[in-house]
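This report concerns only the one structure given below.
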Amino acid sequence: MGRGGNFLLKDIPYALKVRVTAPIEQRAERIMKRESVDRDTAHWLIEKTDKERACFIHLIYGKHWDSLGQPGRIRHRAGHRFKIH
């Protein structure tokens, strides 16, 4: 669902809530390749996007986006794919 799905689905016991994260440098590398920008611009874009997403979550749900709403699983993506069982 993304963008606050953990808050929207908080009262549904059978909803699987997963948060996928990645290190800032990995995010920057992906943005540099995808957008053809330098490292400083990539970091600026990450900060801008994260702030916009945080504002959206706060505006819609009145929560901070790091308040996960008791996710079922948290997955850190560091250069590999994974399966959720």
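No lab work stands behind these numbers, since they all come straight from the coordinates. Since this is a predicted model, take the numbers as computed values, not measurements. Virtual Cβ from ideal backbone geometry, glycine too; neighbours counted across all protein chains shown.
Please work out how much length the chain gains when fully extended from V18 to H64, using 0.36 nm per residue of separation minus the C-alpha to C-alpha distance, in nm with one decimal.
Numbers: separation 46, 0.36 × 46 = 16.56 nm, distance 1.65 nm.
Fully extending the segment from V18 to H64 adds 14.9 nm.
What's the exposure ranking of L45, L16, L8, going from fewest to most Cβ atoms within 10 Å? Don't skip to the answer; put the middle values down first.
Numbers: L45 17, L16 10, L8 14.
Neighbour counts put them in this order, fewest first: L16, L8, L45.
If R0 is 30 Å, what FRET efficiency do you get for W44 and K10 from their C-beta distance, rounded to 0.05?
Values: r = 33 Å, r/R0 = 1.09.
Between W44 and K10 the formula returns 0.40.
Could you tell me, in Å, what Rg and Dmax come out for the Cα atoms of the range 1-64?
Looking at the range 1-64, its Cα Rg and Dmax stand at 14.5, 43 Å.
Return the long-range amide H neighbours of R3 (sequence gap of 5 or more, or a different chain), with a cut-off of under 5 Å between placed amide H atoms.
For R3, whose amide H was placed from the backbone, there are no distant partners under 5 Å.
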